[in-house]
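> Here it is: the structure, laid out below.
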Amino acid sequence: MKLKREKQESSDCNEGSKGKMTLLLALVTLISAFGSSFQYGYNVSVINSPALYMQDFYNRTYFDRSGVPMDSGFQTLLWSLTVSMYPLGGLFGSLMVWPLVNNCGRKGTLLINNLFSIAAAILMGTSELAKTFEVIILSRVIIGIYAGLASNVVPMFLGEMSPKNLRGAIGIVPQLFITLGILVAQILGLNSILGNAEGWPVLLGLTGIPSLIQLLILPFFPESPRYLLIQKGNEEQARQALQKLRGWDDVDDEMEEIRQEDRSEKEEGHFSVLSLCTFRGLRWQLISIVVMMMGQQLSGVNAVFYYADRIFQSAGVDSNDVQYVTVSIGAINVVMTMLAVFIVESLGRRILLLAGFGLCCVSCAVLTLALNLQTTVSWMSYLSIVCVIVYIIGHAIGASPIPFVMITEMFLQSSRPAAFMVGGSVHWLCNFTVGLVFLYMEAGLGPYSFLIFCAICLATIVYIFFIVPETKNKTFMEINKIMAKRNKVEIQEDKEEFEDFHTVPGGQAEKKEISSSEL
């Protein structure tokens, strides 16, 4: 096939692949986000409200068994285990991404994953009847594994299904459902609903319901067309899946784009995590993902939520009303993430990342000042409330949702599962570290601990500004070309195949036609 004709096809493809949001695409987005991402958020905040009642249950159970009350140090240890086993499970879940999505498919992995959630929900819901607190700690690991898989597989599944002009918006939907999960757990955890001595086992057990719904409905939806064509080699199934998702029969252009990606990767085969880490052609993509994921978790979002109650109390909010204030912060988080869904395709990823981390950086700096001066200057406590709200807005529009979108976009099919495994592991490892270290940091540094978060946000901004490209409205191949230049990989022109890779001494090479505007 001649290059000129291929170029024509490519430009037609760019016009033709402007997909619209079909009913099927909307439904598969909602079902996978509600059935998986929702519970990640729900289980992040579900144990905050009933903490005292659960600790009381730990105490009573221990007393009934041994006849002596539980030592306070032991109780603190058990409770920190209950909290921290969740991100540790998330790390284990992330390590299972690569083998599962390659062998069972994206949809298959989500369906298998529901079994973890339902098992954990049954165990947690019946823990009080069974008079065992060990089961709660075990269930937190299981639901963590579930969340670790869900947080990686859902963005991958939806990113591969979306047309390029909707990929960013659809990629933020999982994050929107994470924030919705946090909000629903906060509302149901109010003392008047389930956040009480009788209601907490029900509150913990409710997490199984979205999984059950997903298990019943998701099998009727198509698998990722890219997975079917590139990894399974099943062209007919991939075409049918694409036709259903796009709502029209003529999907030749998009099929051709997937085939180009397939051809370009034939020589490399599947990347394992080790080969991904050592492959020069993907060096900057990998570093970018690690930096963005570390920035997302180490920017202090957990610390801000942890401090929020105290900040509001010091501003004169009654201690009984603090729970309602926490719910309102959860609501702001949801609304701002929803806003990100609508603006990401017009403003682009880079702007949202820079603005999001920028707001977090400034609010951490001002918050340090406000917390230090609130005993001497009366209005400083109100300034710290504003800082918390600005911080939440910044995290919701950029720092939380965009990194997962970027993993889908910066990697091609063969390296994407390994990239999600690396990104997901960094995400959960940093989450676990902050949970473990923050209490000591807060004891030692007090409000000054926010200066560390401020510095991390600033470092992330500098890196994104200089290294991370804009990926809005580009095909995976186009993004790969931009990054090939960044990786200083030699780019060659091939007359026969429009986008064929050749292995060269430096690693991976591609067609030498990149406009300066793309760089």
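> Scan region 103-110 and tell me whether some residue there is hydroxyl-bearing (Ser, Thr, Tyr) and outside any loop (DSSP other than H, G, I, E, B).
Checked against the condition, which is being hydroxyl-bearing (Ser, Thr, Tyr) and outside any loop (DSSP other than H, G, I, E, B), region 103-110 yields at least one hit.
> Which one of Val334, Val322 is within 20 Å of Val44 (Cα to Cα), among the aliphatic types (A, V, I, L, M) and free of Cβ contacts under 8 Å to residues at least 24 places away in the same chain?
Going through Val334, Val322 in turn, the sole match is Val322.
> If you don't mind, another one. Check Leu412 against each of (1) in contact (Cβ under 8 Å) with a residue 60 or more places away in the chain; (2) part of a helix (DSSP H, G or I); (3) buried (at least 17 other Cβ atoms within 10 Å of the Cβ) and name the one condition it does not meet.
(2)
> What residue, of Ser37, Ser17, is under 22 Å from Gly168 (Cα atoms), surrounded by 17 or more Cβ atoms within 10 Å (Cβ to Cβ) and at pLDDT 95 or above?
Going through Ser37, Ser17 in turn, just one is under 22 Å from Gly168 (Cα atoms), surrounded by 17 or more Cβ atoms within 10 Å (Cβ to Cβ) and at pLDDT 95 or above: Ser37.
> Further question on the same structure: Please go through region 80-119 and pick out each residue that is within 15 Å of Leu138 (Cβ to Cβ) and either among the basic types (Lys, Arg) or free of Cβ contacts under 8 Å to residues at least 40 places away in the same chain (or both).
Scanning region 80-119 gives Phe116, Ala119.
> Let me ask another. Of the residues Val405, Val437, which is open to solvent by 20 Å² or more (accessible area, probe 1.4 Å) and modelled with pLDDT of 80 or more?
Result of the check over Val405, Val437: Val437.
> Restricting attention to region 235-271, report how many residues are modelled with pLDDT of 90 or more, crowded, with 16+ Cβ neighbours inside 10 Å and assigned to a loop (DSSP other than H, G, I, E, B).
Going through region 235-271 one residue at a time, the tally reaches 1.
> Could I ask something else about it? Would you check if there is a residue in region 316-323 being modelled with pLDDT under 95, in a helix (DSSP H, G or I) and either closer than 30 Å to Glu409 by Cα or open to solvent by 20 Å² or more (accessible area, probe 1.4 Å) (or both)?
yes
> Residue check: is Ala509 modelled with pLDDT of 50 or more, open to solvent by less than 40 Å² (accessible area, probe 1.4 Å) and small (Gly, Ala, Ser)?
no
> So the check is Cβ under 6 Å with 6+ separation or different chains; which pairs have a first residue in region 441-467 that's within 16 Å of Gly356 (Cβ to Cβ) and hydroxyl-bearing (Ser, Thr, Tyr) and a second one that's modelled with pLDDT of 95 or more and open to solvent by less than 70 Å² (accessible area, probe 1.4 Å)?
Within 6 Å, the pairs are Thr460/Gly295; Thr460/Phe357; Tyr463/Val291.
> If you don't mind, there's one more thing I want to ask. Scan region 40-55 and report the pairs whose first residue is farther than 23 Å from Lys131 by Cα and modelled with pLDDT of 90 or more and whose second residue is of a type in the set (Ser, Thr, Tyr) and assigned to a helix (DSSP H, G or I), with Cβ atoms within less than 7 Å and a gap of 6+ or a chain change.
Partner pairs satisfying both residue conditions: Tyr40/Ser151; Gly41/Thr179.
> Being of a type outside the set (D, E, K, R), under 17 Å from Ile137 (Cα atoms) and part of a helix (DSSP H, G or I) is the filter here; which residues of region 50-72 pass it?
Ala51, Leu52, Tyr53, Met54, Gln55, Phe57, Tyr58, Asn59, Thr61, Tyr62
> A follow-up question, please. Of the conditions (1) surrounded by 19 or more Cβ atoms within 10 Å (Cβ to Cβ); (2) under 30 Å from Tyr324 (Cα atoms), Ser72 fails just one. Which one is it?
Of the numbered conditions (1) surrounded by 19 or more Cβ atoms within 10 Å (Cβ to Cβ); (2) under 30 Å from Tyr324 (Cα atoms), the odd one out for Ser72 is (1).
> On to the next question. Could you look through region 272-293, keep only residues that are of a type in the set (S, T, N, Q) and more than 21 Å from Gln175 (Cβ to Cβ), and pick out the one that is most open to solvent (accessible area, probe 1.4 Å)?
Residue satisfying both the conditions and the ranking: Thr278.
> For Leu445, all conditions in the list (1) loosely packed, with under 14 Cβ neighbours inside 10 Å; (2) modelled with pLDDT under 85 hold save one; what is the number of the exception?
Condition not satisfied by Leu445: (2).
> So, one more: Would a scan of region 112-126 turn up a residue that is closer than 28 Å to Phe74 by Cβ and assigned to a loop (DSSP other than H, G, I, E, B)?
Taking every residue of region 112-126 in turn, at least one turns out to be closer than 28 Å to Phe74 by Cβ and assigned to a loop (DSSP other than H, G, I, E, B).
> Can you tell me which residue is surrounded by the most Cβ atoms within 10 Å (Cβ to Cβ) among those in region 366-402 that are touching a Phe, Trp or Tyr at 6+ places or on another chain (Cβ under 8 Å) and under 30 Å from Gly168 (Cα atoms)?
Gly398
> Output the residue which, of all residues in region 127-136 that are of a type outside the set (S, T, N, Q) and not in a helix (DSSP H, G or I), is least open to solvent (accessible area, probe 1.4 Å).
Phe133
> Given the options Val301, Val327, name the one that is surrounded by 22 or more Cβ atoms within 10 Å (Cβ to Cβ), within 28 Å of Tyr440 (Cα to Cα) and hydrophobic (A, V, I, L, M, F, W, C).
Result: Val301 is the single residue among Val301, Val327 that is surrounded by 22 or more Cβ atoms within 10 Å (Cβ to Cβ), within 28 Å of Tyr440 (Cα to Cα) and hydrophobic (A, V, I, L, M, F, W, C).
> Tell me which residues, restricted to region 326-383, are among the polar types (S, T, N, Q) and in a helix (DSSP H, G or I).
Thr326, Ser328, Asn333, Thr337, Ser346, Ser363, Thr368, Asn372, Ser381
> While we're looking at this one, here's another question. Restricting to region 349-359, give me the number of residues that are in contact (Cβ under 8 Å) with a residue 24 or more places away in the chain and more than 18 Å from the chain's Cα centre (by Cα).
Qualifying residue count, region 349-359: 3.
> Confirm whether Trp379 is closer than 30 Å to Gly105 by Cβ and out of contact with any Cys (no Cβ under 6 Å at 6 or more places or on another chain).
Considered against the rule, which asks whether it is closer than 30 Å to Gly105 by Cβ and out of contact with any Cys (no Cβ under 6 Å at 6 or more places or on another chain), Trp379 comes out as no.
> Working only within region 143-181, note down all residues that are surrounded by fewer than 23 Cβ atoms within 10 Å (Cβ to Cβ) and not in a loop (DSSP other than H, G, I, E, B).
Answer for region 143-181, where residues must be surrounded by fewer than 23 Cβ atoms within 10 Å (Cβ to Cβ) and not in a loop (DSSP other than H, G, I, E, B): Glu160, Ala169, Leu180.
> For residues that are touching a Phe, Trp or Tyr at 6+ places or on another chain (Cβ under 8 Å), among the hydroxyl-bearing types (Ser, Thr, Tyr) and under 13 Å from Thr82 (Cβ atoms), tally how many sit in region 127-146.
1
The values are calculated or read from the model by the stated rules, or taken from the named source; none is laboratory data. Not measured: the values here are computed from a predicted model. Heads up, the Cβs are rebuilt from the backbone with ideal geometry, glycines too, and the neighbour counts pull from every protein chain shown. Note: accessible area is taken over every heavy atom of the protein model, side chains too, but ligands, DNA and RNA are not part of it. Shrake-Rupley method; radii C 1.70, N 1.55, O 1.52, S 1.80 Å.
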